[in-house]
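Trainee: Just dropping this structure here.
The numbers here are math on the coordinates, done by the rules we state, and not lab data. This one's a predicted model, so the numbers in the text were calculated from it and none came from an experiment. Cβ: placed from backbone, ideal geometry, glycine included. Neighbour counts: every protein chain shown.
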Amino acid sequence: MFNLILFGPPGSGKGTQSEKLMAKYGLKHLSTGDLLRSEINRQTPLGNEAQNFMDKGQLVPDEVVIGMISSAVDDNPGIKGFLFDGFPRTKEQAKALDKLLKLKKAPITAMLALEVSEEELIKRLLKRGETSGRSDDDNESVIRARINEYRSKTAVVADYYKQFDKVVMVKGEGTIDEIFARLCKEIDKRA
Ligand code: AMP
């Protein structure tokens, strides 16, 4: 199995690049944000719990997200690999993912970390908010809260994977195709 993590702050282009990467490499895309929004749309108890956190730009509790990813991994046996997007976002989630993948004898191959300036992130998210229908994208204070959550809780996840020499920094500014080409170059080196 070939498992990748696409990492970066909100608005760094993870969703856009995931679509292209999954088409090219035949990976199963697992986005915890998408899974949570689907729970909210279906008005499940998990969705109702998650919505309170998401509306404020805060992270959903680890046990909720870990349980969701664990089921999604089990629901997809025999695949080529996973592309994790927006997960793990805390050190606890990273440890839980490692444990889960150890059982499948399929560790993370690499974490691709998109680097984008804060100014550019806010610009992109506000623009996305005009069309995405996501209430957490059209409010600047919620956007700033999400970026703060990233800095205080999520950035450390890169340090966690650095100790295993798995982090690859990729410049996340430029055109979609330029960024995609940079990601592919790094993936092909490790495939
Ligand atoms: P995203 O679509 O990745 O930007 O995620 C949207 C929101 O979903 C985040 O602001 C969090 O509230 C929640 N969320 C998504 N993934 C996670 C995660 N791995 N851990 C905790 N909360 C998450």
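Trainee: Can you compute the helix-only [θ] at 222 nm over the chain? Use -39500 (n - 2.57) per DSSP H run of at least 4 residues, normalise by all residues, nearest 500 deg cm²/dmol.
Mentor: Values: 9 runs with 104 residues, N = 191.
My calculation for the chain gives -16500 deg cm²/dmol from helical runs alone.
Trainee: Then there's this: Between Ala106 and Glu130, what FRET efficiency comes out of the Förster formula 1/(1 + (r/R0)^6) with R0 = 45 Å and r the beta carbon distance, rounded to 0.05? Don't jump to the answer; show the numbers that get you there.
Mentor: On the way: r = 39 Å, r/R0 = 0.88.
The pair Glu130/Ala106 has a calculated efficiency of 0.70.
Trainee: Give me the Kirkwood hydrodynamic radius of segment 128-170, using the inverse of the mean 1/r over all pairs of distinct Cα atoms, in Å to one decimal.
Mentor: Working: mean 1/r = 0.0819 Å⁻¹.
For segment 128-170, inverting the mean 1/r across all distinct Cα pairs yields 12.2 Å.
Trainee: If we count every other residue with Cβ under 14 angstrom of Leu21's Cβ, Lys/Arg +1 and Asp/Glu -1, where does the sum land? Don't skip to the answer; put the middle values down first.
Mentor: Working: positive: Lys14, Lys20, Lys24, Lys28, Lys80, Arg182, Lys185, Arg190; negative: Glu19, Asp85, Asp177, Glu186, Asp188.
Cβ neighbours under 14 Å give a net charge of +3.
Trainee: Could you state, as a whole-number percent, how many of the C-alpha pairs of segment 4-91 are farther apart than 15 Å? Before the final figure, lay out the partial values.
Mentor: Working: 2291 of 3828 pairs.
The calculated P(r) of segment 4-91 puts 60 percent of pairs beyond 15 Å.
Trainee: Per 0.36 nm of contour for each residue apart, how much would the distance between Glu186 and Ala23 grow if the chain were fully extended, relative to their Cα-Cα spacing? Present the calculation step by step, with values, prior to reporting the outcome.
Mentor: On the way: separation 163, 0.36 × 163 = 58.68 nm, distance 1.65 nm.
Additional length available on full extension: 57.0 nm.
Trainee: Now for a separate question. Explain nothing, just compute: Karplus ³J(HN,Hα) = 6.51 cos²θ - 1.76 cosθ + 1.60, θ = phi - 60°, for every residue of segment 65-82 in order, whole Hz, x for Gly and Pro.
Mentor: 5, 5, x, 5, 5, 4, 5, 5, 5, 5, 6, 10, x, x, 9, 5, x, 10
Trainee: Starting from one equal scatterer on each C-alpha and no solvent at all, send me the Debye-based log10 I(q)/I(0) for segment 43-122 at q = 0.15, 0.18 Å⁻¹, two decimals.
Mentor: -0.67, -0.91
Trainee: Work out the P(r) tail for the chain: percent of alpha carbon pairs separated by more than 31 Å, whole number. Please report the intermediate quantities before stating the final value.
Mentor: Numbers: 2116 of 18145 pairs.
Of all Cα-Cα distances in the chain, 12 percent exceed 31 Å.
Trainee: Next question, about the same structure. Compute the label zone of Ser117 within segment 158-191: residues whose backbone N is under 14 Å from the point 7 Å along Cα-to-Cβ.
Mentor: Once the point is set 7 Å along Cα→Cβ of Ser117, 172-174 turn out to lie under 14 Å by backbone N, inside segment 158-191.
Trainee: Also: Measure off 7 Å from each Cα along the Cα-to-Cβ vector at Arg151 and Glu178, then give the distance between these two points in nanometres to one decimal.
Mentor: The answer from the label model is 2.6 nm.
Trainee: Here's a follow-up. Starting from the alpha-carbon convex hull of segment 99-191, give the projected area averaged over all orientations, in nm². Each step should come with its number before you reach the end.
Mentor: Values: hull surface 30.9 nm².
With every direction weighted equally, the projected area is 7.7 nm².
Trainee: Further, regarding this structure: For the modelled label position 7 Å from the Cα of Ile40 along Cα-to-Cβ, which residues of segment 121-137 have backbone nitrogen atoms closer than 17 Å?
Mentor: Only 125-137 pass the distance filter.
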